[in-house]
Amino acid sequence: PPNTITPRIYTRMRRRAAAAAAAAARVRGHLASGRSKREDQLTGNFHRLFFNSNKRRFLNNLRPLAREGENSNNEFDVVVVGGGHAGTEAAAAANRRGSRVALITPQPVKSIGEMSCNPSIGGLGKGTLVREIDALDGLMAKAADLSGIQFRVLNSSKGKAVRGVRAQMDRELYKKHMQKLVGELPNVTVVDACVSGLLIDERGEEKSSSSSSSSRNSSNNTSDRSDVSKTCKGVRLEDGTSVFAKAVVITTGTFLRGVLHLGGGEKVFNAGRISSNVTERADNLASTASSSLADSLYGLNLRMGRLRTGTPPRLRKSTIDFTRCEEQKGDDVPEPFSFYNLSLSSTKRPWMPSQEQVSCHSTSTNAETEKMIMSHPNYADENLATGPRYCPSIESKVRRFPNRDHVVWLEPEGLTSDIIYPAGISNSLPKGTQLDMLRSIPGLENVEMLRPGYAVEYDYVDPRELRRTLEVQKVKGLYLAGQINGTTGYEEAAAQGVLAGANAADRDSPLELSRDSSYLGVLADDLTTRGATEPYRMFSSRVERRLSIRGDNADIRLTKIGHKCGLVSDERYQFATERENLSKRAIHLLKNTNGFRQQAKQWIHLGCMRCPDARHGRLISPAEVIQSGEEIGNIINALSQMVSNTKAEKENSIYDEEKETETALRELLDIRERDISALELASTDLYYENYIRRQSKDVSDMKKDETLIIPEDINYDDVFGLSAEDKEKLASVRPETLGHAGRIQGVSQSAMLSLLRYCQKKDRYDERQKEKKVFINK
């Protein structure tokens, strides 16, 4: 009642109402610019918003939209829904192909570039995806190189085909640099709004699927008409404004009907992630609108489901005893993601990160930790949707692998941040149990938990509903990218964003990547042919041609393709072409320069210990020495020493050959100085040359032998090279043929090759046994 409102309360209400009105005006796009709306419409000089200029975080292209009934059309070539990793890459890719793009996301200055989970980019398999994004002129590698506070090459002791570049990020710096890159995109309008529905045209009659109040079942019944051609004509915002476009890309992440589960189910509420102070309002707006958008997708009669992911608690850095943990330093010579930075490196001027480099630390769980976790039921696995196999919760790990210590990586979230991300212990345990569990881990005995871990469920569309271009088969002009397709991870989402955005910009000239061309091609093929019954993560084992499809040659493989379809600039194309030419020239010199050939004992004397054996004093080329595993640096040093010795002993040399050798060496040294990555690429190509021939034969044999029958009594534990997941999937389905095995979701391509070799070997063994019995009988 009015008589109970005191003057203080009344003043507070007035202030809140004024703030709410101002926020609503911003959402509708009416940002005060000192000019009338009419002047804005006539001149097109819309207001530019610079948010928190002291921190230099800005978006130059944040623009207002006209409301319904105003004398202006909100028409674009492409509309991108969501400003996460997939959304920013989709907007940038569509823009590079010449499209006028609207990137719609709530509170973009606070949400674009947000790293919702771990503060890192890259890793095994993922690092190659980042390189491929960069080869197609994407944004992620550029932002990561500018924001990285620790760079490491994982699997560095193994071959380059299975290595992965990984970098620890400063969250705030990554966000700032990503927003700067988005802000510099021409013809991209960033819209501060929420999308609640799609504008679907059926047989030329526009129909807004958001306006329908029917249930999922009734929507499915009315939409299940194969004779009706559907086309997406745009989106409808939460305030009722229509935004029209030739194509729409949806990148909602975990916000599509997302539900958070905290404390083993003690708290359950609608959200896509736990918000920070900065992203709280943006996340709330996105969660509210996502329910209506999910109804729109169900109304299109798409096969949909639920998946789950999780995140660990966040810890206060100052309360951790790092002396009880193992320090994990970055590489002495950091390796960047971007080929531009990689190619500018030389022996004299190696690339160096722009940020101060820090260490991570590791510790591990113990028997006491396991006991605490086992005292609570596995709430997420027992009550929620399927979670990620390769990034499982700590509850799942201690049950699947009991009586083991599990590594916990303590990762800083920034140079000035007091927050530590403990990778490896995502969970949804009760808050008190989480704290007790943490304090049982060495180094964390007195740790302060800033935020508990949680699980999040969300809707996704069965990716088998999509074409390889990531366009929905049933709806022309509608594209999906990111976790809405059943994947997990920043890198997988960003890669899909590039593919979806590029194809949305020009449907008639699609960018289609085969399995033989890229990790991105494998990702798209796996999703659209096998589907995703659990969150899909990229691994090198999924790529059958991984020896030739590597992170170090992504620009050689893809930049030419991207340039041909208008996705890559002329400058970037010339840059990649030059690197390719330098690499090819180095290979030619190492293979064909006669003066470089030496006997095995001479190579060993020059310091190349990994030299192949050669009978009768046969001369060995540097290429053969590289194929035996010698490093290119040692080869160049040996050649320099050899040429120097030849000058001193001219009686054993022919002048023309000596001159040719000196010229070839100078050329190799020039290549190393101009672009050391090109020389290393040449070395890697030479090393894998013979293996790639065998790989091609294996892949060819596998395609020919799809009808090969798998023995009924096969024991998959006897098949060498199968992972635990491969054995589990194959044993549960028990496929009859090799082709049937290849269509099982979760069975890797390397597993298919192992299975092929096993069956061929068993067939030969059975044939010999049969012939032996016939001989004995005779």
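The values are calculated or read from the model by the stated rules, or taken from the named source; none is laboratory data. Just so you know, these numbers come straight off a predicted model, no measurement behind them. With ideal geometry, Cβ positions are generated from the backbone for all residues, glycine too; neighbour counts draw on all protein chains shown. When the accessible area is computed, the model is the full protein with side chains, heavy atoms only, and any ligands, DNA or RNA have been set aside. Shrake-Rupley method; radii C 1.70, N 1.55, O 1.52, S 1.80 Å.
Proximity of backbone amide H atoms, modeled 1.01 Å from N, is registered between V408 and T363, S364, T365 at under 5 Å, excluding neighbours fewer than 5 places apart on the same chain.
How big is the equivalent ellipsoid of the range 595-704 along its three axes, where each semi-axis is √(5λ) from the Cα gyration tensor, reported in whole Å from largest to smallest?
Numbers: eigenvalues 172, 62, 29 Å².
Square roots of five times the eigenvalues give 29, 18, 12 Å.
The distance separating the Cα centre of the range 477-555 from that of the range 385-435 comes to 27 Å. Using a probe of 1.4 Å on the protein chains alone, the accessible area found for D555 is around 10 Å².
Counting pairs of alpha carbon atoms under 8 Å apart in space and at least six apart in sequence, what relative contact order in percent does the range 320-453 give?
Values: 169 pairs, mean separation 39.5, N = 134.
Here the relative contact order equals 29 percent.
Tell me, what is the FRET efficiency for E382 and R666 to the nearest 0.05, using R0 = 51 angstrom and their Cβ-Cβ distance as r?
Values: r = 68 Å, r/R0 = 1.34.
After rounding to 0.05, the efficiency reads 0.15.
Figure note: R515, R585 ranked by solvent-accessible area, largest first, 1.4 Å probe, ligands and nucleic acids not counted: R585, R515. Cα extents for the range 80-133 along the principal axes, largest to smallest and rounded to whole angstrom: 35, 27, 13. Once the 1.4 Å probe is applied to the protein heavy atoms, the range 515-624 comes out at 43 Å² accessible per residue.
Per-residue Karplus couplings for the range 232-245, computed as 6.51 cos²θ - 1.76 cosθ + 1.60 with θ equal to phi - 60°, are listed in order as 7, 9, x, 9, 10, 7, 5, 8, x, 5, 9, 10, 9, 7 Hz, Gly and Pro entered as x.
Karplus-based coupling profile of the range 699-715, in residue order and whole Hz: 5, 5, 4, 5, 5, 6, 9, 5, 8, 4, 7, 8, x, 5, 8, 4, 9, with θ = phi - 60° in 6.51 cos²θ - 1.76 cosθ + 1.60 and x standing for Gly or Pro. Near I441, no amide H atom lies under 5 Å from its own; only residues 5 or more places off or on other chains count, and H is placed 1.01 Å from N.
Computed on protein heavy atoms with a 1.4 Å probe, the accessible areas place T488, T241, T533 in the order T533, T488, T241, largest first. Derived scalar couplings between HN and Hα for the range 501-512 equal x, 5, 6, 5, 6, 8, 5, 6, 10, x, 8, 10 Hz in order, rounded to whole Hz, by the Karplus curve 6.51 cos²θ - 1.76 cosθ + 1.60 (θ = phi - 60°), x for Gly and Pro.
For S354, the solvent-accessible surface computed with a 1.4 Å probe is close to 80 Å², ligands and nucleic acids excluded. D201 contributes about 20 Å² of solvent-accessible surface, heavy atoms of the protein only, 1.4 Å probe.
Residues K110, K233, K267, K564 ordered from highest to lowest accessible area at a 1.4 Å probe: K564, K267, K233, K110. Under the criterion of Cα pairs below 8 Å and six or more residues apart, the relative contact order for the range 489-564 equals 29 percent. Between the amide H of G234 and those of L199, A245, distances stay under 5 Å, these residues lying 5 or more places away or on another chain, with hydrogens modeled in the peptide plane. What FRET efficiency comes out for M609 versus N155 if R0 is 22 angstrom and r is the Cβ-Cβ distance? Round to the nearest 0.05. E between M609 and N155, to the nearest 0.05, is 0.45. In the range 141-196, Cα pairs under 8 Å separated by at least six residues give a relative contact order of 35 percent.
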